[in-house]
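Bear in mind these aren't lab numbers, they're just calculated from the coordinates by the rules spelled out. Predicted model only: the values in this text are computed from it and were never measured. So basically every Cβ, Gly included, is an ideal-geometry build from the backbone, and we count neighbours across all protein chains shown.
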Amino acid sequence: MFENLKVGSTGDNVKILQEKLKILGFYNATITGSFGVSLEEGVKAFQKEYNLDVTGVVDEDVWNLINSLTDVATPISLFPTLRLGSTGSDVSDLQSKLSALLYYTGSISSNFDLETENAVKRFQMNNNLTADGIVGSSTWNKLNSLYGNLADCVVDSESNYLTYTVQKGDSLYSIAKKYNTTVDKIKNLNNLTSDIINIGKVLKIPEESTDTGNDNDYQTYTVQSGDTLYKIAQRFNTTVNDIKSLNNLTSDIINVGQILKIPEANIAENYITYTVVKGDTLYLIAKNYNTTVDAIKNLNNLTSNTINIGQTLKIPTTNENYFNYVVVRGDTLYSIARKYNTTVNEIKKLNNLTNNTINLGQVLRIPL
């Protein structure tokens, strides 16, 4: 775990902080390992950009956000500034990501037109960025963090391929191996003329090579940062051995972006799972999910009201076709929809929302 840092701090963690903020475009000075005024200004600019308390102190919340962004962030030089009139493949990538996030409804082309500019402005406005329609480093980083946050893999229902967002450390060979296909097939499907791929690029992956079992026997899950087989088994009410057996795994090692088959028969129908976060109590959780403290304690065999951050709890569902969710810092409708296997439109419809703006502490109904 990274230590809290502030003006006067020194050491390797300060160097890591400087490097990560440089990638994100908030620090342009030399990597020194010393926390000075210029680094403090960069931290404050980052905190302001992402609606954190502007203290200049790098605490656990700041570290977590910086790490999540730099896991998928691309050096700024790989994503040029785009504006009205720009053309090329970067514009196509921009339109694809805005379309996936429901900000852009036009055709995917290589032309940055007025429709694209308006979509960019809506995205910027909803994410507390300067709504100027110009795609610079802050807009790219926010867009990539929402769209490509850790191996986003979605099946295109009208085509026999998956879409995959290139992550740090990826190569065509490693991606082909992960999805049981070949480099040539990926290159042909994406009209690539070389093996060079950039972080954040969306690739089409042949679907037929990734799914050979009976669709009724399992569902698929894409491994996220921090996942272990044990955590995944808990989440889906199954066992580590069942997951390993279904996926022909010989060890407990799994990788971010890896697609796992999860036994369908073991998916719980009368409860959902919830991971305890800072500030939670059984009373607050029970209130948020329309249940009682005793019901949660009974379902989880708890003998006291003590719960720990990171603990996974089973939450009993009611006869309603939704449960309540309280918006926390960093949430977007897209991230909430992904987390609970639903869609942005379903959440907006259930909550009578007319746009994608949500507020910290807001209670949302999430369809079961």
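Here are the numbers:
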{"item": "Exposure proxy ranking, count of Cβ atoms within 10 Å, fewest first, for S9, S304", "result": "S304, S9"}
{"item": "Reciprocal of mean inverse Cα separation for the range 76-147 (Kirkwood radius, Å)", "result": "11.7 Å"}
{"item": "Cα convex hull volume per residue for the range 1-144 (Å³)", "result": "103 Å³"}
{"item": "Amide H contacts of Y271 (H built 1.01 Å from N, under 5 Å, at least 5 apart or other chain)", "result": "T317"}
{"item": "For the range 12-70, alpha-carbon Rg over 2.2 N^0.38 Å", "result": "0.97"}
{"item": "Exposure proxy ranking, count of Cβ atoms within 10 Å, fewest first, for E49, E60, E346", "result": "E60, E346, E49"}
{"item": "Pairs from K48/K97; K22/K204; K44/K231; K6/K278; K142/K348 whose Cα-Cα separation, in the structure shown, is over 26 Å", "result": "K22/K204; K44/K231"}
{"item": "Distance (nanometres) between label positions extended 7 Å along Cα→Cβ at N180 and T303", "result": "4.6 nm"}
{"item": "Largest-first principal axis extents, alpha carbons of the range 271-367, Å", "result": "43, 28, 19"}
{"item": "Spin-label zone in the range 77-121 - amide nitrogen under 12 Å from a point set 7 Å from the Cα of N198 along the C-beta vector", "result": "77-82, 87-94"}
{"item": "(i) 22.6; (ii) 23.3; (iii) 21.3, with the label sought being that of the calculated Kirkwood radius over Cα pairs in Å", "result": "(i)"}
{"item": "Förster radius 56 Å - calculated FRET efficiency between T281 and T87, Cβ distance, rounded to 0.05", "result": "0.55"}
{"item": "Among S137, G106, T87 the positive-end extreme of the charge dipole of the range 76-147 (Cβ point charges)", "result": "S137"}
{"item": "Between the range 8-30 and the range 333-368, the Cα center-to-center distance that results, in Å", "result": "35 Å"}
{"item": "Residue-span extension gain [T228 to S99] - 0.36 nm each, minus C-alpha spacing", "result": "43.3 nm"}
{"item": "Mean ellipticity per residue at 222 nm, deg cm²/dmol - from DSSP H runs of n ≥ 4 across the chain, formula -39500 (n - 2.57)", "result": "-10000 deg cm²/dmol"}
